[in-house]
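One structure is given here, and the rest of the page talks about it.
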């Protein structure tokens with residue numbers, strides 16, 4: 001009878017070497033595709049300034065205009081109201 005290896009050494013290698021603990025957070029964010037928090041906050045601030053506050057923003061040579069974004073429809077759009 002063949003003895004089964006309970007521990008797969010390939011799966012344990014990162015834990016044994018400690019590479020999970022020593023991997024920089026920025027590298028993990030890049031690998032997983034998660035945007036760094038400071039960039040996400042900057043993106044949200046620009047979006048809110050342009051869409052909600054209707055401000056023209058220039059950031060890193062790009063200009064963001066409020067007219068380039070859709071606005072909410074202010075008129076009623078229920079089928080019973082439209083004649």
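Where a number appears in this text, it was derived from the coordinates with a stated rule and is not lab data. This structure is a prediction, so every number in the text was calculated from the model and none was measured. Counting neighbours? That spans all protein chains shown, and the Cβs are built from the backbone with ideal geometry, glycine included.
Summary table below
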| read-out | value |
| --- | --- |
| Inter-probe distance in nm under a simple model that places probes 7 Å from Cα toward Cβ, at residue 65 and residue 42 | 2.4 nm |
| Per-pair calculated FRET efficiency, R0 = 41 Å: residue 80 and residue 32 via Cβ, rounded to 0.05 | 0.30 |
